[in-house]
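The values are calculated or read from the model by the stated rules, or taken from the named source; none is laboratory data. Here the structure is a predicted model, which means the values were calculated and not measured. Cβ atoms come from the backbone with ideal geometry, glycine included; neighbour counts cover every protein chain shown.
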């Protein structure tokens, strides 16, 4: 595909589409770079949410993952079977529990994170120093956009 350089910056709408497509494709490719294991994408996503949040109720985790509670119950059940997630009583509501990654869950999460970072670093090594500098600036801008 031939690149055409223009002197005028793109308008917001076409840039939004181009960025969204690129971010989606990159995100998909990074998610595929994972160690050999039997965690599904849904299980890994739930484990990641618990790792980032620290601890959540099952309903909070379902909301974060944008799935229905019965679906999250199945996902959490599989993670518990593997010893990656544990339950503790809720400190103020005896009807609820708090879910958190176990030590083993944190270790598995770190292994997946390492594999993804290694894949992306290898891709970035193939770029010129100027391209990496541009991506560093773009990353800062994208973080600002993501904060709203």
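Let's see how each residue does on (1) closer than 30 Å to residue 18 by Cα; (2) buried (at least 16 other Cβ atoms within 10 Å of the Cβ):
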position: 73; (1), (2): no, no
position: 96; (1), (2): no, no
position: 101; (1), (2): no, yes
position: 107; (1), (2): no, no
position: 124; (1), (2): yes, no
position: 128; (1), (2): yes, no
position: 137; (1), (2): yes, no
| field | Pick from the range 19-39, criterion free of Cβ contacts under 8 Å to residues at least 24 places away in the same chain and not in a helix (DSSP H, G or I), ranking: surrounded by the fewest Cβ atoms within 10 Å (Cβ to Cβ) | value | 36
| said: surrounded by fewer than 17 Cβ atoms within 10 Å (Cβ to Cβ), more than 24 Å from residue 143 (Cβ to Cβ), touching a strand residue (DSSP E or B) at 6+ places or on another chain (Cβ under 9 Å) and at pLDDT below 90: is that true of residue 91 in this structure? | reply: yes
| remark: For residue 45, the lone unmet condition from (1) in contact with a helix residue (DSSP H, G or I) (Cβ under 8 Å, 6 or more places away or on another chain); (2) surrounded by fewer than 14 Cβ atoms within 10 Å (Cβ to Cβ) is (2)
| note | Among helices (runs of 4 or more DSSP H) entirely within the range 50-148, at least 2 residues that are closer than 21 Å to residue 37 by Cα, without any contact (Cβ under 8 Å) to a residue 60 or more places away in the chain and touching a helix residue (DSSP H, G or I) at 6+ places or on another chain (Cβ under 8 Å) occur in 69-81, 103-125
